[in-house]
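The values are calculated or read from the model by the stated rules, or taken from the named source; none is laboratory data. Everything quoted here is computed from the prediction, not taken from an experiment. Counting neighbours? That spans all protein chains shown, and the Cβs are built from the backbone with ideal geometry, glycine included.
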Amino acid sequence: MLKMFARIAKTGIVSEAAPGPGDAAAEQLGIEVRRVVDAAFAGSLHIRHVDAGSCNGCELEIHALNNPYYAIERFGVHFVASPRHADVLLVTGPVSRHMEAALIRTYEAMATPRWVIASGACACDGGEFGCSYASAGAVENVIPVDVRIPGCPPSPLQLLMGLLKFSGSL
């Protein structure tokens, strides 16, 4: 136990520094998202997220959108539990064969008009997994996709930019 404490004391703090007050990129993107959400969705955009078989890297970045730094809900974007309440379906990961039917049912349960965003390299093109006996590959092989957000995983800023790209396709 003492060896472990000595190693911790020797190593010190290794986390990255918190963003400074001059980092206004996220705030500017958020304000633009808010403007678009107000205009296109009467002030509130509801997203249903489906993990179709990812490594959870994309999910960590999506969860970061809800942390105090990004706080995406203040811009009118909300994650919902039911596809019946959602405007947009956000899908991460390559579509595993076990999730294929669930993804289709979720898509069909959404009210029309409905949109699909593929987030991450795996959702966009199958990533490392591609098509195989266990994977249907990209989301567009199973349901129609309106917007792709590339990256492995896409950062919260890239996700915000993808939401803006989505709103530009309306």
Inset, instruction - Within segment 101-115, identify whether any single residue is closer than 30 Å to Glu27 by Cβ and touching a strand residue (DSSP E or B) at 6+ places or on another chain (Cβ under 6 Å), and answer yes or no. - result: yes
Inset, instruction - Report the residue count in segment 69-117 for those that are surrounded by fewer than 16 Cβ atoms within 10 Å (Cβ to Cβ), of a type outside the set (Asp, Glu) and more than 20 Å from Gly162 (Cα to Cα). - result: 13
Inset, instruction - Give the residue that is modelled with the lowest pLDDT, with candidates limited to residues of segment 137-147 that are outside any loop (DSSP other than H, G, I, E, B) and surrounded by fewer than 22 Cβ atoms within 10 Å (Cβ to Cβ). - result: Gly137
Legend entry - Check on Tyr107, farther than 27 Å from Arg35 by Cβ, at pLDDT below 90 and among the hydroxyl-bearing types (Ser, Thr, Tyr): no
Legend entry - Breaking point among (1) among the hydrophobic types (A, V, I, L, M, F, W, C); (2) surrounded by fewer than 16 Cβ atoms within 10 Å (Cβ to Cβ); (3) closer than 14 Å to Val88 by Cβ, for Cys131: (3)
